[in-house]
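Everything on this sheet refers to the single structure shown next.
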């Protein structure tokens, strides 16, 4: 079993200065700048000074004395934003800290993350929000905290929404649980509408999910494990859409996984309901057939579904029903996952395989082109959350992700920067990975981390 990292070691040996470089006087030669609107790639040079894009074009380098990085064959795009991560701090720093999670994001090619509130204690007050912001205030990675909807995520009393918005919260979610009461969710949607802020729902009816550990169907019967039926998700998706329509609030469906849920969102969008949704790479890459191995790293919530569900998810990505790709990065300690399948916690890490899975299983598989696939990582998360979308233009802050879309590599979880190793993709051969990131006057090249 891999030795658990000591929390004090991470605090002492992971300062920004140890891993990240200052983005002052950096020249990116031969950058393949992605234009998502025109669906084209322009090869240009980008000069960055003091964290800002000073010039774009053909730049004379004969007397340049800064850092030159040749990006021939690489894609340069606005910084990727993962709007669904679990960094476990405060409370479970043995799984992940804010700093180790941020470094994992850097290595995975992300310049921004939205931290979910199911920490211990729950992220439901100004003190914890400010602690998260303060811890990563000097980091390359932008952190956008998400607060719980209800106090302690207990599903009883709504948090102080106005105070938390003032503290910098960008959305509200009881992630890990759906808001149990329709009346409570109605009130949350009404309050959130006053601030034009998003409510994010983990859609699952606990009475229907019961003690299920995988998708309910042929495979759960074959393997003799209790199942979670599709309707447990779809019932709450339908309820939440109806409440959003009734209140005029904005609802976002986290980690959508079933054919029925995708169709419900598709119909709601056609009726102009303010609903958006996301899908994880594992839900468009794997099916419940994989569970014949009883590998606890395949245990996640929502569970892996059928091939029919995967096909529907991909169709939803193609036609715009699904807005965003998000990882649901959920670290767990080895001793928690290295048990019988039924006893293991739900969740896998995902930040450092997201680009590879997106290119391999969507782009290379000819399901989406490179523009449509990465739009859901680089543009749509900002739009859904109502945040300013980074731009690659002269005078703008340099918030950039650099993707090597041709590289082939084998996943080795032991090289990850996350503090945990719970991935089902260890040993997988993938195409495409992060080359590096630039943000907040800093930059990092993944191979040098």
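No lab work stands behind these numbers, since they all come straight from the coordinates. Only a predicted model underlies this, so the values are computations on that prediction, with no experimental measurement involved. Cβ atoms come from the backbone with ideal geometry, glycine included; neighbour counts cover every protein chain shown.
DSSP finds beta bridges in segment 79-385, and of those with both partners inside it, around 5 percent are antiparallel. Between the Cα long axis of helix 307-319 and the first principal axis of the chain there is an angle of about 50°, rounded to the nearest 10. Could you work out how far the C-alpha centroid of segment 250-315 sits from that of segment 95-161, in angstrom? Answer, in whole Å: 24. Fully extending the segment from residue 272 to residue 290, taken as 0.36 nm per residue of separation minus the present Cα-Cα distance, adds 2.8 nm. As a proxy for reagent exposure, ranking 382, 294, 428 by other Cβ atoms within 10 Å from fewest up yields 294, 428, 382. Just to be sure I understand: of the beta bridges DSSP finds with both ends in segment 124-279, what percent are antiparallel, rounded to 5? Antiparallel: roughly 5 percent of the beta bridges in segment 124-279. Considering only 261, 31, 72, the mean-square fluctuation computed in a Gaussian network model of the chain, springs between alpha carbons under 10 angstrom, is largest for 72. Spin-label model, residue 37 to residue 221: label points 7 Å out along the Cα-to-beta-carbon direction sit 5.3 nm apart. What is the angle, in °, between the Cα long axis of helix 182-194 and the longest principal axis of the Cα atoms in the chain? Nearest 10 is fine, range 0 to 90. With rounding to tens, the tilt is 30 degrees.
For the pair residue 131 and residue 187 in one chain, pulling the backbone fully straight at 0.36 nm per residue adds 17.4 nm over the alpha carbon distance. In terms of overall dimensions, the C-alpha atoms belonging to the chain reach 69, 48, 46 Å along their principal axes, ordered largest to smallest.
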